[in-house]
1. Please pull out the direction-averaged projected area of region 161-262, using the convex hull of its alpha-carbon atoms, in nm² to one decimal place.
2. Give the residue from 67, 100, 122 lying farthest towards the positive end of the charge dipole for region 32-129; charges sit on Cβ (+1 for Lys and Arg, -1 for Asp and Glu) and the dipole is referred to the Cα centre.
3. So if I average 1/r over every pair of distinct C-alpha atoms in region 303-356 and take the inverse, what Kirkwood radius in Å does that give?
4. Kyte-Doolittle cut-off -0.5, length cut-off 15 Å along the helix's own axis using Cα: show which whole DSSP H helices in the chain pass.
5. On each of the three principal axes of the Cα atoms of region 212-291, give max minus min coordinate, whole Å, ordered largest first.
6. What list of ³J(HN,Hα) couplings, whole Hz, do you get for region 451-465 from phi and the Karplus terms 6.51, -1.76, 1.60, once you set θ to phi - 60° and write x for glycine and proline?
7. Give a residue-ordered list of calculated ³J(HN,Hα) values for region 263-276 (Karplus: 6.51 cos²θ - 1.76 cosθ + 1.60, θ = phi - 60°; whole Hz; x for Gly, Pro).
8. Once amide H atoms are built 1.01 Å from N in the peptide plane, which residues 5 or more positions from residue 48, or in another chain, come under 5 Å H to H?
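Each value in this text was obtained by applying a stated rule to the coordinates, not by laboratory testing. Keep in mind that what you see is a predicted model, and the values were worked out from it rather than measured. For neighbour counting, all protein chains shown are included, and Cβ atoms are generated from backbone atoms with ideal geometry for every residue, glycine included.
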Amino acid sequence: QFLFVVTFTTFLLCCVEYDVLFANRPLNHSHAGGAAPDRSKVTLPDAVLPAPQCAQRIRASGWIIFLLVMAAVFWLYRLVKVLCSLLSYWEIRAFYIKALNIPSEGLCNYSWQEVQARLISLQRRQQMCVHKRELTELDIYHRILRFKNYTVAMVNKSLLPVRFRLPLLGPVVFLTQGLKYNLELLLFWGPGSLFQNKWSLRPQCKRAGARQELARRLARAMVLLGLANLLLCPCVLVWQLLYAFFSYAEVIKREPGSLGARRWSLYGRHYLRHFNELNHELQARLSRGYKPATKYMNSFTSPLLTVLAKNVGFFAGSILAVLIVLTVYDEDVLTVQHILTAITLLGLVVTLARSFIPDEHTVWCPEQLLQRVLAHVHYMPDHWQGNASRSETRGEMAQLFQYKAVFILEELLSPILTPLILIFALPARALDIVDFFRNFTVEVVGVGDICSFAQLDVRNHGNPQWLSAGQTEASVYQQAENGKTELSLMHFAITNPRWQPPPPSELFLSHLKEKVQQDAAAAPPAQRILAEGPLGASLLS
């Protein structure tokens, strides 16, 4: 795709004669036998310049040569990365076939739990990890999700500067793929990052006496990385614009309403993610919550916007109907200049207007809809309780469940805004980030350094507002927000029923089971069997 976008864009810029293509300049065709030249008919080859002339145009433009050189360097970097990944994938394939006895053709028949069980059994027989005899399910998750757990914890503790209050727009959340890539480069795997390799934090990061010096170095690295992003901003911005155009232009023409569809934002995926939750587990959970979330967001309508949409749709639809009837009556209407453009644009306007007109049979029940969302996503700020009908709640939900158009706009603005965040907003958090990694890193034998939140220890990171009240010694700084430790523990125990939790966590789970059994026994029979209700949806989830 990258090669195609670069090549095709260069071709469109330098190898097409647009005056001929748009018939602004007459083109004479010579015909054998002395026939009169046809000045009206223009074919595509007529508008394409010969290869020598095309190459001359490319050489004459310094900007195009510069962008092509940058694209070539980036493509070579990607090529080396892909080749290294292929070697790694080949080793993984060999490990599955020879060590786990799972053939390639039968891999799709195995669940993750079956693969994990074979891995644990293999450790008992061959002791691949030499530092410990037994591997647990939690050890495997810690290895896979080492850096992900740190990121989820930093989002949970509001450590990353992704929330801003802007004039006119109010509170906004900005976290894009570009910003996430830069944060991971700074903290986990870039040169000079806090981790010295894939499993170990730098020794000086664990010493309290070195925190000020480390924070200064980290802040300086943030500013330098921001300046590098600023320098590369034109190239990245051009690429983002071209890729977005080639990816979404045809979709918008075919389905204009697709921009009004929603998706879980990148921030939402980190906010709603449990500790020790694999990608496929998170995707399955959020996919189950997609339809309830869509219904909740669509339940909010503006009467004024509905009236405007109905009138705009009526006017545009009327004109479109007349043009279609005229085209059916006489196809020569299509030869009128810009008539096809008018039909296309009117069709887009009608489709967009319809997307703002609510279903007349929709029932207003935001509290129930939000409970159905909560049954799957598991996280909801306390102030949402009982306030599902408020526009503020919907606005905060929109930060987690955003329009696709908003996602595209954020990614397009990312090359401009990411350097500004790295230079001006992130350095102020450098000391807090250094303290976070020092205070919430533990070394596990056979696994390496991991985020202590990922140990699912309710005694050290539990929240007193939850059922672990009286069982936790965590201060406000140490406890996870919104009950993430407790919810993550529940999710991991359900996903891995053979896992043996530590005594405090096991006590919490036993109390939770007793509470669930009491609630289920007290529930009326109709509610108990109603799978679509909040209780049934939560149990199924």
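1. Over all viewing directions, region 161-262 projects a mean Cα-hull area of 10.1 nm².
2. 122
3. About 11.7 Å, per the Kirkwood formula over Cα pairs.
4. Flagged H segments are 2-14, 62-94, 146-156, 211-254, 303-329, 339-355, 366-377, 404-420, 484-495, 503-522.
5. For region 212-291, the Cα extents along the three principal axes come out at 52, 37, 18 Å.
6. 6, 5, 4, 6, 6, 6, 9, 6, 5, 8, 10, x, 10, x, 5
7. Along region 263-276, the couplings run 8, 6, 5, 5, 5, x, 5, 7, 5, 8, 7, 6, 5, 6 Hz.
8. The list, which skips near neighbours in sequence, is 17.
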